[in-house]
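Peer 1: Here it is, the structure in full.
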Amino acid sequence: MNIDHIEAFLYVVHYKSTHKAANALFLSQPTVTARIKSLERELGVDLFYREGRSVTLSDKGKDFLPFATQIVQTFQQGKKQLEKTQETDDVCIGANGVTAQYFLAYALPKWKEQFPNLRFQLVTGSTAMLLEKLESHQIHVAFIQYVHREGIFNELLLNNAVKLVKHCEHPLQQYECIEAKELAQQKMVFFECGAFDWNYVHKMFEVEGVAANIEVRTDHLEIAKAFIRTKNYISFLPQLCVKNELESGEFVEVDIKHLLDMNQHIFLTYKNKDTLTSAFWETICHTAKDFERVQMVE
């Protein structure tokens, strides 16, 4: 059964005229008449009584009318749902490397469970690069540090403070108020990540007139951790990436809050919230809260 034939039937019923129905459908009158006759042949009944140019709904036509209406309405609803699904089928997410590796690896499987029709594309990079992609509509949302830019919106999502950590067997003693000069004597592996403003770390040493003993620089988290595990190096690392090691006792945080307190955060950053469903935005926030609870329990 052709949906166009049923639609033509409903238009003729509404306008009580084949001619007016044809004008409303932007079709010729013979085309509408042909569609009605084709539908009648398929159903095996006359849907209208015809007297000259006038048409009147037959008894069989009256019986068929509610079903025809339901068929067309269901078809239109299904079409709208498909269009909606197609719009949100592909979700492109931008994130810095730390957030991608530790939060999104946790979150994406959960989002997929709740939204099985979604396909995720993940782009990692610096805040500047991801901001550019947001503005050019190449990504829907970014998980980055706060940015102040007209037309860009930020919602606080995760705490990701930077911590100074060492291996539990590293010889550095835990003083109540360790000095920058003492820290400057320690070998350091420096994790270079564009998501954080590491100038604060350098200034901490500059204020005391000393320079950090940075023997190794790396842009890879696991390499930085590997050097810490040699028990010879300390390092400033984001909380997200060392939470498990701190909880297990393998790594120990060196308390330097009196010298430096880097309260970094990850923000949910976007340009247009309407590109994704409200249910998905709510799920992102709920997942972040669950993630932080799980991390605290662990």
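Peer 1: Only one of I36, I93, I71 is closer than 30 Å to K271 by Cβ, touching a helix residue (DSSP H, G or I) at 6+ places or on another chain (Cβ under 8 Å) and β-branched (V, I, T); which?
Peer 2: On the way: I36 fails: closer than 30 Å to K271 by Cβ; I71 fails: closer than 30 Å to K271 by Cβ.
I93 is the lone residue from the list that is closer than 30 Å to K271 by Cβ, touching a helix residue (DSSP H, G or I) at 6+ places or on another chain (Cβ under 8 Å) and β-branched (V, I, T).
Peer 1: Look at the range 261-298 and say how many of its residues are modelled with pLDDT of 85 or more, among the polar types (S, T, N, Q) and under 21 Å from E150 (Cβ atoms).
Peer 2: Matching residues across the range 261-298 total 2.
Peer 1: Got at least one residue in the range 163-181 being at pLDDT below 90 and closer than 26 Å to A100 by Cβ?
Peer 2: yes
Peer 1: Within the bounds of the range 49-71, is there any residue that is within 13 Å of the chain's Cα centre (by Cα) and small (G, A, S)?
Peer 2: no
Peer 1: Further question: Over 18 Å from L183 (Cα atoms) and open to solvent by 60 Å² or more (accessible area, probe 1.4 Å): is that true of E222 in this structure?
Peer 2: Numbers: over 18 Å from L183 (Cα atoms): yes; open to solvent by 60 Å² or more (accessible area, probe 1.4 Å): yes.
The answer is yes for E222.
Peer 1: Any residue that is open to solvent by 70 Å² or more (accessible area, probe 1.4 Å), in a loop (DSSP other than H, G, I, E, B), on the phi < 0 side of the Ramachandran plot and modelled with pLDDT of 85 or more - is there at least one of those in the range 182-193? Even if it seems obvious, please write down each step before you answer.
Peer 2: Keep residues of the range 182-193 that are open to solvent by 70 Å² or more (accessible area, probe 1.4 Å), which gives 185, 187, 192.
The next check asks that each one be in a loop (DSSP other than H, G, I, E, B); those that pass are 185, 187, 192.
This time we only want the ones that are on the phi < 0 side of the Ramachandran plot, so: 185, 187, 192.
If we keep only those that are modelled with pLDDT of 85 or more too, we end up with 185, 187.
Among the residues of the range 182-193, at least one is open to solvent by 70 Å² or more (accessible area, probe 1.4 Å), in a loop (DSSP other than H, G, I, E, B), on the phi < 0 side of the Ramachandran plot and modelled with pLDDT of 85 or more, which makes the answer yes.
Peer 1: Okay, moving on. In the range 22-34, which residue that is surrounded by fewer than 16 Cβ atoms within 10 Å (Cβ to Cβ) and more than 46 Å from the chain's Cα centre (by Cα) is farthest from S58 (Cα to Cα)? If you could, list the steps in order and put the result at the bottom.
Peer 2: Restricting attention to the range 22-34, the residues satisfying the condition of being surrounded by fewer than 16 Cβ atoms within 10 Å (Cβ to Cβ) are 23-24, 26, 28-31, 34.
Narrowing further to those that are more than 46 Å from the chain's Cα centre (by Cα): 28-31, 34.
On the way: S28: 23, Q29: 20, P30: 20, T31: 21, A34: 18 Å.
So, considering only residues that are surrounded by fewer than 16 Cβ atoms within 10 Å (Cβ to Cβ) and more than 46 Å from the chain's Cα centre (by Cα), the one farthest from S58 (Cα to Cα) is S28.
Peer 1: Hey, another quick one. When K60 is evaluated against the numbered criteria (1) basic (K, R); (2) touching a Leu at 6+ places or on another chain (Cβ under 8 Å); (3) touching a residue at least 60 places away in the same chain (Cβ under 8 Å), which criterion, by number, is the only one it fails?
Peer 2: (3)
Peer 1: So which of F291, F280, F236, F227 is in contact with a Leu (Cβ under 6 Å, 6 or more places away or on another chain) and either in a loop (DSSP other than H, G, I, E, B) or surrounded by 15 or more Cβ atoms within 10 Å (Cβ to Cβ) (or both)? Before the answer, list the steps.
Peer 2: Details: F291 fails: in contact with a Leu (Cβ under 6 Å, 6 or more places away or on another chain); F280 fails: in contact with a Leu (Cβ under 6 Å, 6 or more places away or on another chain); F227 fails: in contact with a Leu (Cβ under 6 Å, 6 or more places away or on another chain).
After ruling out the rest, the residue left standing is F236.
Peer 1: Same structure again: Considering only residues that are charged (D, E, K, R) and within 26 Å of H220 (Cα to Cα), look in the range 131-152 and name the one that is surrounded by the fewest Cβ atoms within 10 Å (Cβ to Cβ). Even if it seems obvious, please write down each step before you answer.
Peer 2: Going residue by residue through the range 131-152, those that are charged (D, E, K, R) are 132-133, 135, 149-150.
Subsequent filtering for residues that are within 26 Å of H220 (Cα to Cα) retains 132-133.
Values: E132: 14, K133: 17.
That would be E132.
Peer 1: Kindly indicate whether any position in the range 193-212 is of a type in the set (K, R) and either touching a strand residue (DSSP E or B) at 6+ places or on another chain (Cβ under 9 Å) or closer than 13 Å to S235 by Cα (or both).
Peer 2: As a first pass, look at the range 193-212 and keep what is of a type in the set (K, R): 203.
From the residues that got through so far, the ones that are either touching a strand residue (DSSP E or B) at 6+ places or on another chain (Cβ under 9 Å) or closer than 13 Å to S235 by Cα (or both) too are none.
No, the conditions are met nowhere in the range 193-212.
Peer 1: If a residue must be within 16 Å of the chain's Cα centre (by Cα) and outside any loop (DSSP other than H, G, I, E, B), how many such residues does the range 131-166 contain?
Peer 2: Within the range 131-166, the subset within 16 Å of the chain's Cα centre (by Cα) is 131, 133-135, 137-145, 152-158.
Filter again for outside any loop (DSSP other than H, G, I, E, B), leaving 131, 133-135, 141-144, 153-158.
So the answer is 14.
Peer 1: Considering only the range 194-218, state which residues are assigned to a helix (DSSP H, G or I), under 21 Å from L240 (Cβ atoms) and open to solvent by less than 20 Å² (accessible area, probe 1.4 Å). Walk me through it before giving the result.
Peer 2: In the first step, residues of the range 194-218 are kept if they are assigned to a helix (DSSP H, G or I); the result is 199-207.
Next cut, under 21 Å from L240 (Cβ atoms) only: 199-201.
Scanning the range 194-218 gives a single hit, V201.
Peer 1: Among the residues of the range 245-277, which ones are of a type outside the set (D, E), open to solvent by 80 Å² or more (accessible area, probe 1.4 Å) and part of a loop (DSSP other than H, G, I, E, B)? It would help to see each step written out before you state the result.
Peer 2: Let us first name the residues in the range 245-277 that are of a type outside the set (D, E), namely 246, 248-249, 251-252, 254, 256-260, 262-273, 275-277.
Filter again for open to solvent by 80 Å² or more (accessible area, probe 1.4 Å), leaving 248, 257-258, 263.
Answer for the range 245-277, where residues must be of a type outside the set (D, E), open to solvent by 80 Å² or more (accessible area, probe 1.4 Å) and part of a loop (DSSP other than H, G, I, E, B): K257, H258, N263.
The values are calculated or read from the model by the stated rules, or taken from the named source; none is laboratory data. Predicted model only: the values in this text are computed from it and were never measured. Please note: Cβ atoms are built from the backbone with ideal geometry, for glycine as well, and neighbour counts cover all protein chains shown. Accessible surface areas use protein heavy atoms only, side chains included; no ligands, DNA or RNA. Shrake-Rupley method; radii C 1.70, N 1.55, O 1.52, S 1.80 Å.
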